[in-house]
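Reading through the structure tokens given below for one structure.
Quick note: the coordinates plus some simple rules give every number you see, no bench work behind them. In this text the structure is predicted, and so the values were computed from the model without any measurement. All Cβ positions, even for glycine, are placed from backbone atoms using ideal geometry, and neighbour counts span all protein chains on display.
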Amino acid sequence: MNVRQPKPPTRSPGKKKVPAPKTRILVCESTACASSKSAEIRAALEGAVVRLGLVDRVEVGFTGCHGFCQKGPIVVVEPDGVFYCQVKPGDANEIAESHLAGGEPVKRLFYRHPVTKEAVPLYKDIVFYKNQQRLILRNCGAVNPEKIEDYEDRGGYRGLEKAVTSMTPEQVVEEVKRSGLRGRGGAGFPTWYKWDVCRRQPGDEKYVICNANESAPGAFSDRSLLEADPHTVIEGLAILGYAVGASRGFIYCRAEYSLAAKRAQTAVDHAYGKKYLGKKVLGSNFCFDIEVFQGGGTFVSGEETALLSSLEGSRSMPRSRPPFPATKGLWGKPTIIDNIKTLACVPSIISRGGDWFASIGTAKSPGTAVFSLTGKIANSGIVEVPMGTRLSTLIYEIGGGIPNKKSLKAVQTGGPSGGFLPGGKIEMPLDFDSLQEAGSIMGSSGIMVMDEDTCMVDSARSFLSFTQSESCGKCVACRVGTRHMVGLLEKIASGKAAEEDLDKLERLGHIVRNSSLCGLGQTAPIPVLTALKYFRSEFIAHVVDKRCPAAVCRELVTFRIIPDRCTGCQMCVKVCPTKAISGPRSQAHNLDQSKCIKCRSCYEVCKFDAVAGEAIIIVS
Amino acid sequence: MAVLMPDAVQQKIRERRKSLLPLLKKVQETEGFLSRETVRLISRKLRVTENEIYGVATFYPQFRFQPPGKHHIQVCLGNACHVGGAPNFMEAMKIEKNLGHGGTTPDRKLSLEGVGCLGCCAMAPVIVVNNEIYGRMNRVTFMRLVESLDSPEKPS
């Protein structure tokens, strides 16, 4: 398996000269790391480098997301590939003095294996990265997203150059066909087919759109990709424009992702400067413009026809298909909308050939898949693995397993409208068809891991209320149906439901699925339906026994203080909003059940801050 | 009818309409919300009726029609944050500050908004205050943060 290298091993002979072996210290400045003050870290490092007189030897730079956001802020020292995690601005001096000046890496900040606690100094040895094969994310964390030269040094824009100078649009489509690339937006539709349909349309007014409206909770790979490596996306979009004969492209970015949009805009400006965009791209007759468009922040805008409405300045509501956008899209003109991850595959397919791409992954789903691994897992972050990788590899090897000695209960793939898979299905290969067979979807890239403390009723309700609130309201089944389903789930969660409500829920789910226009409505009931299919006993427990096995559903649990464990530190007394807990210092406290509103404040403060800890339990 | 319109004219109308969302966004960034006056102004400029603009703007959750508080608190309610206990933050604000989604305190100091996933799931649960992200919160640290915002401010 390919190990992700911190630097490209070889560089094909180009116009660029090999830079002098200079130590580069790179700070991750994506949204997640920036929230942990990575800009301050970089400023502190820059200051320290100047103070220590290392300016000639050391270059302080920044990169986009490494994908391991949980361990952020991340600082990488190259060319050795030393990986520091959870760095604080105060650590900058130590890194500069000990590592950059003295050559002695700071052991304290190394990544530690979640189980063995062994320090891992090098980027490439970390299990999280070791088992990945990065193709879509190949430049993430390795290039400065605001420097086009970094991207060019890693073979950037070669694909576009090859396409516009030596290939016809037919050949480009043919190459993509040979690669077997399928849409990474979730549905897995063959990419070349759409392209070919659009290419054959008459007229020269066509549009291409990169769909980066990632609003699915639990998925953040599009943000990370656009923040870390916007040029790959631009190159992919330009190649697509060339293949179908469009002269105008859009990057539709979600409203909330302001940094991603900013980076994309900067990258577009740089690409214009280098003649990769604009009139007569790279001296050919191909003219192409890209505009970064920020949407309104709705989930439904990710649906292709809804995205078009939003781009046209209207409410983003889906239209019925056919006609498909490839024949009648933006302003009634042929339009191709591809997911950002699909487009990120395209430059490598063109420069390295479709056969190379087809050799990765499985026969029916070639290439790699990007997942955002979140939930109850030791290493959460963005991972990229070949299609067909087993779910267990993803969870136990790359993800490092379930923390706190808990056991795996369910895995949800495909974001809020994906299905729950029980622990028994974990050996399943991850590709479009296997997931569909198991009743789930590839969907958005989210993979949410749930441990035994997760209640399936509560999770299903939470996912469904998300899709319910994001429903655009066009189809009755989706607008009204999901609302009733949420109502039923709330009834179950509060222990007021009867057994026939489960059948009602299931029937309603099928109705919503079968009679909605777009993907949102068609997939919204999947979490509920799969939860009912694989975890019916848990629903029965809520309905018949009136208890929540995972002790989550508020109406069915009580909070208790274990007198033997309580040291009487008064932390819980202080945080209780209703003064339900009382007791003098140093004596076991009392919890008045009639006053308790089950807000979990005491539970959390006891778990994290209190002297004894874990003296408060939740039982059902 | 529209078919007979010259391409250039049609193009101009489209572009005008397309600029609606970016314009609304820009206004909200600079003014903090969409006031009736600005909507009227945009309506005149873009030749789109005010009704239509409200129709579009209310569809998207990002647009506000009331000025936000001095400290605008956004609670991520994405699934990773939900599992991490984000709904508790909303509830805590309701109990302690009597502030619900979209609400602002009478002194205009705090405003609260529950938002969709912010894409920082690895740091869940996440809070955003005036565009600054705080990760790995719990109810206690959250309320401490809120209290620090609400406390009488040092003259700066």
>> Given axes a ≥ b ≥ c from the Cα gyration tensor, I'd like to know whether the range A:23-127 is rounded (a/c under 1.5), prolate (a/b larger than b/c) or oblate.
In response: oblate
> To the nearest whole number, what is the average tally of beta carbon atoms from other chains within 10 Å of the beta carbons of peptide A:371-379?
Replying inline: 3
> For the protein assembly as shown, what is the convex hull (Cα atoms) projected area averaged across all directions, in square nanometres?
Replying inline: 34.8 nm²
> To the nearest 0.05, what FRET efficiency results for residue A:289 and residue A:498 with a Förster distance of 60 Å applied to their C-beta separation?
Replying inline: 0.50
> How about the range A:399-460: which GluC sites (Glu not before Pro) there lie in a loop by DSSP and see at most 15 other Cβ atoms within 10 Å?
Replying inline: A:427, A:452
> What shape does the range A:204-292 have by the C-alpha gyration tensor, where a ≥ b ≥ c are the square roots of the eigenvalues, rounded means a/c under 1.5, and otherwise prolate means a/b greater than b/c and oblate the rest?
Replying inline: prolate
>> What FRET efficiency comes out for residue A:22 versus residue A:272 if R0 is 30 angstrom and r is the Cβ-Cβ distance? Round to the nearest 0.05.
In response: 0.55
> Hey, if you put +1 on the Cβ of every Lys and Arg and -1 on every Asp and Glu Cβ in the protein assembly as shown, which of A:492, A:207, B:46 ends up farthest toward the positive end of that dipole?
Replying inline: B:46
> Tell me, what HN-Hα J-couplings in whole Hz come from the Karplus equation 6.51 cos²θ - 1.76 cosθ + 1.60 at θ = phi - 60° for each residue of the range A:337-347, using x for Gly and Pro?
Replying inline: 10, 10, 5, 4, 6, 4, 5, 5, 7, 4, x
> If r is the Cβ-Cβ distance from residue B:101 to residue B:49 and R0 is 30 Å, what FRET efficiency results, to the nearest 0.05?
Replying inline: 0.55
>> Suppose a student asked you for the relative contact order of the range B:71-150, using Cα pairs under 8 Å spaced at least 6 residues apart; what percent would you report?
In response: 38 percent
> Please identify the trypsin sites (Lys or Arg not before Pro) of the range B:9-56 that satisfy two criteria: DSSP loop assignment and at most 12 other Cβ atoms within 10 Å. Which are they?
Replying inline: B:47
>> Could you work out how much longer the chain between residue A:204 and residue A:279 gets when fully extended? Use 0.36 nm per residue separation minus the Cα distance between them, nm to one decimal.
In response: 25.5 nm
> With charges only on Cβ, +1 for K and R and -1 for D and E, what is the dipole size of the protein assembly as shown about its Cα centre, in debye, rounded to 20?
Replying inline: 780 debye
> Taking every DSSP beta bridge that has both residues in chain B, what percent is antiparallel when rounded to the nearest 5?
Replying inline: 55 percent
>> Please report the antiparallel percentage of the DSSP beta bridges confined to chain A, to the nearest 5.
In response: 55 percent
> So how do B:96-102, A:202-208 stack up, highest first, on mean other-Cβ count within 10 Å?
Replying inline: A:202-208, B:96-102
> Listed highest first by mean packing, meaning other Cβ atoms within 10 Å per residue, what order do A:455-464, A:583-592, B:115-124 come in?
Replying inline: B:115-124, A:455-464, A:583-592
> Counting pairs on different chains as well as pairs 8 or more places apart, how many Lys pairs in the range A:159-307 have Cα atoms under 27 Å apart?
Replying inline: 22
>> Sort B:133, B:73 by Cβ crowding within 10 Å, fewest neighbours at the top.
In response: B:133, B:73
> In peptide A:271-277, what is the residue-averaged number of other protein chain Cβ atoms found within 10 Å of each Cβ?
Replying inline: 0
>> Quick check on packing: order A:381-387, A:48-54 by the mean number of other C-beta atoms within 10 Å, highest mean leading.
In response: A:381-387, A:48-54
>> Would the range A:175-216 count as rounded, prolate or oblate if I go by the C-alpha gyration tensor, calling it rounded below 1.5 in a/c and otherwise prolate when a/b exceeds b/c, oblate otherwise?
In response: oblate
> About its Cα centre, what dipole magnitude does the range A:298-457 give when the only charges are +1 on Lys and Arg Cβ and -1 on Asp and Glu Cβ, stated in debye to the nearest 20?
Replying inline: 280 debye
>> Quick check on the range B:71-150: of the DSSP beta bridges with both residues there, what percent are antiparallel, nearest 5%?
In response: 55 percent
>> Can you find, among A:608, A:542, A:566, the residue sitting farthest towards the positive end of the charge dipole of the range A:532-620, where Lys and Arg contribute +1 and Asp and Glu -1 at Cβ?
In response: A:542
>> Which residue, A:143, A:476, A:591, has the largest displacement toward the positive end of the dipole of chain A when charges sit on each Cβ (Lys, Arg +1; Asp, Glu -1)?
In response: A:476
>> Compute, for the range B:6-59, the length of the dipole vector about the Cα centre, with Cβ point charges of +1 (Lys, Arg) and -1 (Asp, Glu) only. Units Debye, rounded to 20.
In response: 180 debye
